[in-house]
Amino acid sequence: MGLVAVTGSAGGIGTAIRDQIEQAGHRVLGIDVGNAEITADLASSEGRTAAVAEVLAALPKQAGLPVLDGLVVAAGIGGSTGVAPARVARINYFGAVDLLTGLKPALDLGSLRAAVVIGSNSAAAVPATDFQLGELCLAGDEIGAAALADTMDGELVYAYTKLALIRKTRRLAVEWAPNLRINVVAPGPVLTPLTQQALNHPTTGDAIRAFPIPLGRWGEKAEIAAAVGFLLSEQSAWTTGSVLFVDGGTDALLNPDRL
């Protein structure tokens, strides 16, 4: 039995991920703005630093060093929630990356030695040629990224920060090998409270409803969680740096010749 930290553990998909991990026999240390073992606001560097410190303090020790068996970075926020786009960028990209890098030393000592990042298939639907926001994220310029984000549509900020996070994760996969594995699950539309807010948006709602899905339906939270469970398990022991689209075939439809 291992201990897996999950950011966004109180959210719609995060709750399903928590259930999946516990059903696999592991314990979960949840991190969220509420209803979790560790309360944290990942929108600020101070909040992330405090979150990492609390997680490390709560972990079991091996030779005096904290040990974390696995990590799932699921915390995120949509662009149609009425939240400032800068906050979307701070949470979705910088909140994820700071938790990954801050907890890596503990993951190095764990049994699963695996991390999973929740991306989005919306990242594949935006033009990669207009990637200034993503480049600022990847350069670690949080102030610049936040300032630019506040001049943009929130849903574009969501998509570009998720794309930047996917690229960062693939870079980390090379840096962290061979000791640690890290992969991305990129969901398509799944009905969660976050998605419901987007559906209620006068513009975004219609776009989401029209999103093409070859398999003809939206996904279930448990289906996303199952993909996360696979990437944490020994069954994916030779898998790192991969992006697993769990989206009913939308990415294949929009980008059939990308590979």
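The values are calculated or read from the model by the stated rules, or taken from the named source; none is laboratory data. Remember, predicted model here, so these are calculated numbers, not experimental data. So basically every Cβ, Gly included, is an ideal-geometry build from the backbone, and we count neighbours across all protein chains shown.
List of remarks:
- Within the set 156, 172, 165, the sole residue that is touching a residue at least 40 places away in the same chain (Cβ under 8 Å), in contact with a Phe, Trp or Tyr (Cβ under 8 Å, 6 or more places away or on another chain) and in a helix (DSSP H, G or I) turns out to be 165.
- Test result for residue 112, in a loop (DSSP other than H, G, I, E, B), in contact with a helix residue (DSSP H, G or I) (Cβ under 8 Å, 6 or more places away or on another chain) and crowded, with 18+ Cβ neighbours inside 10 Å: yes
- Extreme residue, nearest to residue 180 (Cα to Cα), among residues of segment 96-109 that are out of contact with any strand residue (DSSP E or B) (no Cβ under 7 Å at 6 or more places or on another chain) and part of a helix (DSSP H, G or I): 104
- Yes/no for residue 147 being aliphatic (A, V, I, L, M) and either at pLDDT below 95 or touching a Lys or Arg at 6+ places or on another chain (Cβ under 8 Å) (or both): no
- Checked against the criterion of being in contact with a strand residue (DSSP E or B) (Cβ under 6 Å, 6 or more places away or on another chain) and more than 30 Å from residue 208 (Cα to Cα), segment 73-81 has no qualifying residue.
- Per the conditions (1) under 21 Å from residue 74 (Cβ atoms); (2) in contact (Cβ under 8 Å) with a residue 24 or more places away in the chain, the sole criterion not satisfied by residue 253 is (1).
- Flag for residue 195 being within 17 Å of the chain's Cα centre (by Cα) and at pLDDT below 75: yes
- Within segment 44-69, residues that are touching a residue at least 60 places away in the same chain (Cβ under 8 Å) and crowded, with 18+ Cβ neighbours inside 10 Å sit with their Cβ atoms under 7 Å from residues that are in a helix (DSSP H, G or I) and not charged (D, E, K, R), at 6+ positions apart or across chains, in these pairs: 67/106; 68/103; 68/106; 68/107.
- Count - residues of segment 126-139 that are in contact (Cβ under 8 Å) with a residue 12 or more places away in the chain, outside any helix (DSSP H, G or I) and either among the charged types (D, E, K, R) or surrounded by fewer than 17 Cβ atoms within 10 Å (Cβ to Cβ) (or both): 2
- Qualifying positions in segment 68-90 - modelled with pLDDT of 95 or more and β-branched (Val, Ile, Thr): 72, 73, 88
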